Amino acid sequence: MSDKWLGKLREPTPWQAPDPRPGPVVVDGLEVRLYREGDGPRLFAAVSANRDALLPWMVWVTTDHLHVDHSIFYVERMRRGVEKPDCLDFPMGIFDAKSGEQLGGTGFHRIHPEWRDAEIGYWVRGDRQRSGICTRAMGALISSGLRSAADGGWGFRRIVIQCAEANTGSRRVCERLGLRLEGRYRADRYTEPLGYHDNLAYAVLADEWDFAQNHAKPNIARP
């Protein structure tokens, strides 16, 4: 007996992070990019603008980035991490393209090189929510994620977004972008003080995405 058969469940040419890493994505006055040296204070200001507005879903605001030094350390750790050849986590910030103010955070996470897919998550600072920032930024980021590395993108085949069913803000971003609802997981996640709650999975494939519009092609969200 051997495990050789497992190789038949993986793509022969697994995903590798483009080198150099793709540059910033700019859309409608927003810039989505990997963290750079000096971003720590911007990140701290974004989180601190209104921590309560990020709850209950971004529970890390109760334990992380409680002091500007924490954010400076985080940015430096992430900045160094993304340059490693085997990196599979690429945190990014959402910035005002003119002022440089950080408006939120996102990135490519839970990357499966053998399937060429990645998950993205997102948050917007408490004093700038419900202004369309996230929908515009995520549409542009998905385009960059699904675009081939040869064309300056990240080269993923599939992008996934998971969110709590009760998190209406995150759900609406997925719906506005026309993503397909692929699954509902009953009582799948635990978040204090809510307890267990249902989790939704949205996704889109590269050939289902309209790169010119930063939006899924028509009707892919329908069963």
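The values are calculated or read from the model by the stated rules, or taken from the named source; none is laboratory data. What you see is a predicted model, and the numbers here were worked out from it, not measured in a lab. Cβ sites come from the backbone with ideal geometry, for glycine too, and all protein chains shown count toward neighbours.
Where residues in region 175-206 are among the small types (Gly, Ala, Ser) and within 13 Å of Gln162 (Cβ to Cβ), which of them is farthest from the chain's Cα centre (by Cα)? Of everything passing the filter in region 175-206, Gly183 is farthest from the chain's Cα centre (by Cα).
Residues of region 188-214 that are modelled with pLDDT under 95 and small (Gly, Ala, Ser): Gly195 alone. Tell me, which residue of region 160-190 that is touching a residue at least 40 places away in the same chain (Cβ under 8 Å) and assigned to a helix (DSSP H, G or I) is farthest from Asp117 (Cα to Cα)? Among them, the one singled out is Gly169. Does Pro18 meet the test of being in a helix (DSSP H, G or I), surrounded by fewer than 20 Cβ atoms within 10 Å (Cβ to Cβ) and at pLDDT 95 or above? The answer is no for Pro18. Of all residues in region 191-209, those satisfying the criterion of being part of a strand (DSSP E or B) and surrounded by 14 or more Cβ atoms within 10 Å (Cβ to Cβ) are Thr191, His197, Asn199, Leu200, Ala201, Tyr202, Ala203, Val204, Leu205, Trp209.
Tell me the strands (runs of 3 or more DSSP E) entirely within region 63-159 that contain at least 3 residues that are modelled with pLDDT of 95 or more and charged (D, E, K, R). Steps first, answer last, please.
Values: elements: 90-96, 102-112, 117-120.
In region 63-159, there are no strands (runs of 3 or more DSSP E) which contain 3 or more residues that are modelled with pLDDT of 95 or more and charged (D, E, K, R).
A single member of Val61, Val68, Val27, Val47 is in contact with a Lys or Arg (Cβ under 6 Å, 6 or more places away or on another chain), more than 27 Å from Arg147 (Cα to Cα) and not small (Gly, Ala, Ser), and it is Val61. Of the residues making up region 98-118, those that are small (Gly, Ala, Ser) and surrounded by 15 or more Cβ atoms within 10 Å (Cβ to Cβ) are Gly104, Gly105, Gly107, Ala118.
For region 27-76, the tally of residues that are over 26 Å from Trp154 (Cβ atoms), touching a helix residue (DSSP H, G or I) at 6+ places or on another chain (Cβ under 8 Å), exposed (fewer than 15 other Cβ atoms within 10 Å of the Cβ) and in contact (Cβ under 8 Å) with a residue 40 or more places away in the chain stands at 1.
Annotation note: of Phe156, Phe108, the sole residue that is closer than 24 Å to Pro14 by Cα and in contact (Cβ under 8 Å) with a residue 60 or more places away in the chain is Phe156.
Note on region 33-58: residues that are under 15 Å from Met78 (Cα atoms), touching a Ser or Thr at 6+ places or on another chain (Cβ under 8 Å) and of a type in the set (A, V, I, L, M, F, W, C) amount to 2.
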